[in-house]
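Notes follow once the structure below has been shown.
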Amino acid sequence: MTVFLATLFLPKTVYFKLPDAPPAKERPPRRSNSKKKLERPPLTLRTSLFAPHPTNSPPLTPTDSEGAVEDDDLFVNGDGLRANVSDDGEYRAPADKESPTWGSRAFQPKSRANSPPPSSILEDAKTLEKAKQLGRQGVSQPRATRSDSHDRVFANANWRIVNADQGNSGLRNAAEAAARDGYTGEYTWVGTLGMPTDALQGTQQKQDIDDRLATEFNMYPVFCSDKDFDGHYLHFCKQILWPVFHYQIPDNPKSKAYEDHSWKFYVNLNQAFADRIIKNWKRGDTIWVHDYHLLLVPGMVRKKLPDAKIGLFLHVAFPSSEVFRCLAVRDEILEGMLGANLIGFQIPEYSRHFLQTCSRLLAVEANSEGVQLEDRFVNVMSHAIGIDPTNLDLYRQDAEVMKWIDIMRDRYKDKKIIVARDKLDHVRGVRQKLLSYELFLNKNPSWRDKVVLIQVALSTSEKSDLDAAVGDIVTRVNSSWANLAYSPVVYLKQDIPYPQYLALLTIADALMITSQREGMNLTSHEFVVCQDGSHCESKHGSLILSEFTGTASLFGGKELSINPWSYRQCAEAIEKAITMPDDEKASRWSSLREVVGHHTGSHWFTGFLSQLDRIYDEQHRHDQTSVPRLNLSTLGQQYSNSQRRLFLLDLEGTLIPFGPMNALIPMNPQRTLGVLNDLVYDSRNTVFVMSARRPDELDRLFRLVPNLGLIAENGCFVKHVGRSSWTEIADRQKVSVWKESVKSILQYYLERTPGSEIEDRNCSLIFHYKNAEDYAMAERQASDWTSHINESCDKQRVHATQLDDSVVVEPIDWTKETAAGQIYEEMVKYGSGASSNGAPDFLMVIGDGREDEKVFKWANQLNTEGKVKQAVTVSLGSRNTEASATLTQGVSGVLVTLQKLAGLS
């Protein structure tokens, strides 16, 4: 069967051979900076961390064309290849020199999309008319005089398939490594070509490209309009999702521009992916969706393919619920993600944030294993991605790498080298890094001509004041301490070839990563591999790593952990890194290398798919449509052939309809009481009724049914058969402790929710808001109350659950399952009623609520282990269940079933 790997960009793209195009390796000329320079205040007027030489007046920071190191022969080779960097922080080696570089976009069509789109253009006719007057026909209106000839050129040009220079390199490397290491499954890529395709619409070229990618490369390209891709990627993904997932809330996330435009484009592109997958899916195939670009795809596919096996992996961080809730379309994104069977995150912190967010915003029950929806369970796991050390070692043996190692060792002889490579955006913390390095030089004058920071800054599509700020710092540091033979900072605002990148990692004394938030920085993994000493004797450099990267949680403190906002801590880490004894460096490196060797891309790839296969089978077994109906004929035979029977029957929703107890007791449900009397009349039967009600309430309700066992407050109290007193299973002292904490929380919300009330039971608390003056507000905030209690009182072994019109707070250690277990053990040891000692040979559990699922699982386990000859577990709900059978007739069906069994005695 096939695994569909859905990722925004395919590993391949198309390169058109245009008749008038320049040679592929020719670098585009730099544009002259003829425009007037931006007006900026002099350095002396700007805030800085330090001003070591106030009398100096360093020059203004160079502009874009001046600030980057211009074709330095140390870092740029003749072919002008650029670094390939993905959002996961891994540097991908160019697969071949025929691949188009960033400067070779002339070999691909131009986008017809204009950006940014005008606000509310889909609804506001006045804005649309104004846009037409200004010559902007929406987000994507072609200029006929220019586009016709442009389209004809690409519709008839020769083309070939080449390796793409963008996309999720960590995923690609992991898939290739898994195949090399023995993974035999077939996988097919689904993604865009990473180029505008409007020029190809309706042409034979498009069909030929589609056919060749599918037949020769096992890839299904997704063709979407340029406006959809532009609105999806450049606007919603990069301006909304990316900042939010990295704890940077957009200035106005609920603005109409994003709500009416970018979101619709995001939906459109996700739908195009879903449609392509659905069209090619066969029963038994696996769908694995990747990253934040495609969060709606699982839900869209689930609607059309209810039985599909779907996995989702988020390669970036997942923020806390306080940040995520700022999104205007937060519910839609969560519901789209929950279309998967298994959702994977890099580290447990991100998984926990997701579970808390679902509980808080969607009011669903979430536990450590996943999210319980009404009709199914969605598993959540954390499994960190890694690199491919084997392939990296092969690259390191290249003669080009060895050459650059020798060149840089000679150039930086007797210098301590700190290496850094980051995208130049606000998330990567480049500014904080440079300020910390400036602080280090100020505090350690003796190191000012002995240490060099080489900062490779990869430019991004967005232009901001960050460029200027970073350039100012570099200029200030270099103007203060540089001389003809030494510059404390080598600032490269350009990409470098892969051999030079590997050489830098090899000769570095430290790698410094100061990301303010990052899913999993794989550059640190590559650094550890390159520092094995095979190319540089006794070279085990130190890793300075931000605590806000996912990688930091894997390395167990063997890195030098830093808070990038603490300049002093970062400066101290730099000093420690370059002065650390060799034996300590070797010890730290050995531990880091072990972690990198365990968390490989191959291990991640096969591990996730294996876990998806396992949980899919488990979920399918528990699906309500897969669980058989209760067979009364078989049940009757099992009942008749048994001698020691134990019944555990839920009360509300199973034996009687839901409703307040004060309404049920005067009604005196005669049919239920009559059936129970008939059942307990047989001395071979031991019957217990389970309820969330208080003991005194159950005594009043069942006073006419002698020899009936009772379980009150969901397992905190048990009244055994034939006894007049209750046994308190829960530890009242522990209960009183957590009650004080929870009461203070509930009291806070009670004062702010007029009309609500708190019900104090013996071992539980219930916050009722059915009669709240503002019920809608109370219902919305109930998930906040639930999350607040679960987060603040977790160590006190208490759990809050949101139900209809109420929030119930109960202990974790005493449940229906624990009460059932005690009853079973006592029955085995002492017998019950007139039955002889020994385990029951017939066990029946009937329930309809989520709290009954643990009892189902416990009873099934007894049957599996052979401790009970026959275990029958029956669920009345329509949700997925642990029960072995279902009964759709509700309360009446239960009573009929029990009545028939009683008649067989």
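Bear in mind that the values in this text are calculations on the coordinates, not laboratory data. All figures in this text were calculated on a predicted structure; none of them were measured in a lab. Here the Cβ positions follow ideal geometry from the backbone for every residue, glycine too, while neighbour counts run over all protein chains shown.
From the alpha carbon centroid of region 583-638 to that of region 274-289 is 21 Å. Tell me the net charge near Gln781. Cut-off is 12 Å between Cβ atoms, Gln781 excluded, with +1 for each Lys or Arg and -1 for each Asp or Glu. Around Gln781, the charge tally is 0. Rounded to the nearest 20 debye, the dipole size of region 552-601 about its Cα centre is 120 debye, using +1 on the Cβ of Lys and Arg and -1 on the Cβ of Asp and Glu.
Computed 3J(HN,Hα) for region 683-693, one whole-Hz value per residue from the Karplus formula 6.51 cos²θ - 1.76 cosθ + 1.60 where θ = phi - 60°, is 5, 7, 9, 10, 10, 10, 9, 9, 8, 8, 6, glycine and proline marked x.
Restricting to DSSP loop positions (anything but H, G, I, E, B) with no more than 12 other Cβ atoms inside 10 Å of their own Cβ, which GluC sites (Glu not before Pro) remain in region 171-224? Don't jump to the answer; show the numbers that get you there.
Values: sites: Glu176, Glu186, Glu216; in loops: none.
Nothing satisfies the criteria.
Using θ = phi - 60° in the Karplus curve 6.51 cos²θ - 1.76 cosθ + 1.60, the 3J(HN,Hα) couplings for region 791-806 round to 6, 7, 10, 4, 5, 8, 6, 9, 9, 9, 10, 8, 10, 5, 6, 7 Hz; x is entered for Gly and Pro. When the alpha carbon gyration tensor of region 732-811 is reduced to an equivalent ellipsoid, its three semi-axes come out at 21, 12, 10 angstrom, largest first.
Amide H contacts under 5 Å for Phe4: Thr188, Thr286, Ile287, Trp288, restricted to partners 5 or more places along the chain or on a different chain, H placed in the peptide plane at 1.01 Å from N. Listing Glu526, Glu759 from fewest to most neighbouring C-beta atoms within 10 Å gives Glu759, Glu526. Neighbour counts of other Cβ atoms within 10 Å put Cys716, Cys763 in the fewest-to-most order Cys763, Cys716. Among Cys326, Cys358, sorting on how many other beta-carbon atoms sit within 10 Å of each Cβ, with the fewest leading, yields Cys326, Cys358. Normalised by residue number, the volume inside the convex hull of the Cα atoms of region 659-787 is 126 Å³ per residue.
Take the Cβ-Cβ distance between Lys443 and Lys795 as r, set R0 to 45 Å, and report the resulting FRET efficiency rounded to the nearest 0.05.
Given R0 = 45 Å and the Cβ-Cβ separation, E is 0.65.
Here is the list for region 449-528: trypsin sites (Lys or Arg not before Pro) lying in DSSP coil, each with at most 11 other C-beta atoms within 10 angstrom of its C-beta, are Lys463. Applying the Karplus relation 6.51 cos²θ - 1.76 cosθ + 1.60 with θ = phi - 60° to region 857-873 yields 3J(HN,Hα) values of 5, 5, 5, 5, 5, 4, 5, 4, 7, x, 7, 10, 5, 10, 10, 10, 10 Hz, where x marks Gly and Pro.
Lys and Arg at +1, Asp and Glu at -1: add these up for the other residues within a Cβ distance under 11 Å of Ala308 and post the number.
+4
Equivalent ellipsoid of region 402-467: semi-axes from √(5λ) of the C-alpha gyration tensor, largest first, are 25, 19, 7 Å.
Among residues other than Val807 with Cβ under 15 Å from its Cβ, the summed charge is -3 (Lys and Arg +1, Asp and Glu -1). The H on the amide N of Ser382, modeled in the peptide plane, is under 5 Å from the matching H of Phe345, each at least 5 residues off or on a different chain.
Among the trypsin sites (Lys or Arg not before Pro) within region 291-342, those in coil by DSSP and having at most 15 neighbouring Cβ atoms inside 10 Å are Arg325. For the Cα trace of region 409-517, dividing Rg by the Kirkwood Rh returns an Rg/Rh value of 0.94. A cut-off of 5 Å between modelled amide H atoms, ignoring neighbours fewer than 5 places along the same chain, links Val868 with Asn863.
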